[in-house]
1. Among the chymotrypsin sites (Phe, Trp or Tyr not before Pro) within segment 218-303, which fall in a DSSP loop and have no more than 11 other Cβ atoms within 10 Å of their own Cβ?
2. Show me the ranking of peptides 69-77, 449-457 by mean Cβ neighbours inside 10 Å, starting with the highest.
3. For segment 115-193, build the charge dipole from Cβ charges (+1 Lys, Arg; -1 Asp, Glu) around the Cα centre, then report which of Tyr149, Val169, Ile138 sits farthest towards its positive end.
4. How large, in percent, is the carbon and sulfur part of the accessible surface of segment 343-479 at a probe radius of 1.4 Å?
5. Just to verify a number: FRET efficiency for Asp180 and Asn30, C-beta to C-beta distance, R0 = 25 Å, to 0.05?
6. Rank these residues by their accessible area, most exposed first, probe 1.4 Å: Thr329, Thr396, Thr342.
7. Would you grab the residues whose amide H sits under 5 Å from the one on Cys257? Only those 5+ places off in sequence or on another chain, please, with H modelled 1.01 Å from N.
8. For the pair Val131 and Ile365, how long in nm is the line joining their label points, each one 7 Å along Cα→Cβ?
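The values are calculated or read from the model by the stated rules, or taken from the named source; none is laboratory data. Just so it is clear, the model here is predicted, and its values are computed rather than measured. Reconstructed Cβ throughout: ideal geometry from the backbone, glycine too, with neighbour counts over all protein chains shown. Remember, those area values only see protein heavy atoms, side chains included, never the ligands or the DNA or RNA. Shrake-Rupley method; radii C 1.70, N 1.55, O 1.52, S 1.80 Å.
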Amino acid sequence: MNKITKYLLGNTKKELSGALTNIAKKIIDNECSLFVGSGMSLNSNLPSWYQMLKPCADDLKIKIQPHSDLFSLAQYYVNKKSEGELRSIVSDQINLLAKSTSLHEDLVRAGFKSIWTTNYDQLIENSLRNVEIAFNPITSDYDLASVSYEGKVNVYKINGDISNRKGMVLTQKDIERYTDTHKLLLTFLKKELVSNTFLFIGYSFTDRIVLNCLSEIREYLQIPNTTNYAIMVVTGKEDQNTLYFVDDLKKRYGIECLYIKKEDISIIIEMLWRYIRNKKVFISGAYYTLSDKEEHFADALSEHLVKKLYHNDYRISTGIGKRLGAFITGYANQYLIVEGITNISKYLSMRPFPFHLNLDEKEKIRYRTIMQQDCAASIFMFGRSESTAKEGAFETIGHYSRGVYQEFEIAKKLGCKIIPIGSTGYEAHVIWNEVRNNINEYPYLSKKIDVLGSEKNPERLSKIILSILEDNTKHHGIN
């Protein structure tokens with residue numbers, strides 16, 4: 001590893017925390033777009049653009065390097081052979097059934113509303129499907145009529161898709177004609193480059209499509225571009241030219257380059273995921289009947305807890321458990337309206353459990369996992385289910401609500417911080433007791449577990465819960 005490579009890695013280490021914090025905030029605010037290049041597909045053992053065109057180079061008796069002008073090479077092959085042969089060579093090497101990796105799945109889970117890519121493969125679509133995120137694929141200008149701004153992730157494939165060989169951008173001629181053949185798609189890209197922060201991963205900027213758009217925007221608006229970020233993987237062969245390239249991206253296009261080792265990609269994505277989750281908590285609990293005194297306690301605790309969380313910039317996710325869910329969502333909506341916050345979905349995720357469906361155990365776990373998967377902590381309150389009560393008394397089965405307990409088990413698997421309010425009784429007390437008996441597994445609760453089991457004052461309980469959350473907002477970096 002040479003001096004310049006070490007310099008780039010060291011500079012990234014100093015800038016990384018601030019960059020990821022900014023990216024995470026933009027994602028939460030729905031103001032960040034993801035741009036995925038071919039570098040991400042290599043993690044799935046798919047061939048690189050260079051590897052795909054190697055047979056063409058061999059046929060032409062041309063020696064190529066990974067940084068050669070590959071669009072020109074593709075054009076030479078078409079000139080000698082035919083466009084049909086080139087498209088067959090490329091499409092035959094891309095496995096339509098290529099499986100997404102955990103890296104892809106963690107990345108799309110982050111919450112991007114728009115994903116742009118130059119890749120022909122369908123790894124992004126497969127990843128979104130695997131984590132049950134609805135998406136809308138856009139591979140040409142004709143697909144733009146179906147762009148969705150609510151409920152679905154738009155996946156813009158600016159170089160086309162393997163499912164349509166004729167539409168793939170492969171040759172120098174395709175690049176030269178791009179502004180004519182993709183006018184609307186470029187307009188949409190420019191619009192997002194103006195309004196959003198972009199995170200580029202695995203993209204080399206060699207095709208000039210994005211840089212030309214950014215250059216045009218800056219020239220037209222006469223103001224600096226929004227700061228964008230590019231995660232680049234070092235090869236160990238970085239030189240003075242690399243430094244000029246990094247400087248040019250920053251000064252002329254507003255792109256900050258973050259250079260990392262290949263093995264650190266997963267850590268970076270995990271860090272980003274952690275930053276996004278850090279201020280989101282899941283509230284679990286329900287009851288079908290309580291005494292008047294208990295119901296008053298549930299009402300007051302919900303109000304104080306919601307206000308305390310929102311006042312400290314936390315976001316809430318809830319499955320809207322019976323009765324208790326009405327308190328949580330009611331006070332949440334009331335707070336947001338009073339504060340003049342119109343983007344309610346940013347602060348309150350309501351994911352009601354589909355009790356009307358006759359789900360098997362596997363499906364129940366899947367739904368409950370979706371409810372918590374983007375949360376850093378899970379709070380458990382009350383928990384008294386009529387269906388569990390019909391199975392028998394607590395003394396017989398050991399539970400008041402199997403559903404709430406299942407959410408506790410899922411929270412543990414997801415690595416969420418567990419906060420059981422044992423003083424609310426019922427299943428929350430069952431969970432509190434289990435946590436207390438295994439307190440070494442929950443060191444962040446060691447000084448607070450007893451008070452969580454005895455405190456009945458809603459305001460004091462809310463302060464205790466907030467202090468637990470605030471003590472656990474630490475991040476881990478790369479070496």
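1. Details: sites: Tyr220, Tyr229, Tyr244, Phe245, Tyr253, Tyr259, Trp273, Tyr275, Phe282, Tyr287, Tyr288, Phe297; in loops: Tyr288.
In loop regions of segment 218-303 (DSSP not H, G, I, E or B), there are no sparsely surrounded chymotrypsin sites (Phe, Trp or Tyr not before Pro).
2. Details: 69-77: 19.6, 449-457: 15.3.
Most protected by this proxy first, the peptides run 69-77, 449-457.
3. Towards the positive end, the residue furthest out is Val169.
4. Working: 3380 of 7040 Å².
Heavy-atom surface of segment 343-479 belonging to carbon and sulfur, 1.4 Å probe: 48 percent.
5. After rounding, the FRET efficiency stands at 0.20.
6. Values: Thr329 20, Thr396 105, Thr342 130 Å².
Ranked list, largest accessible area first: Thr342, Thr396, Thr329.
7. Here the answer is Ala230, since their amide H atoms fall under 5 Å of that of Cys257.
8. That separation, rounded to one decimal, is 2.0 nm.
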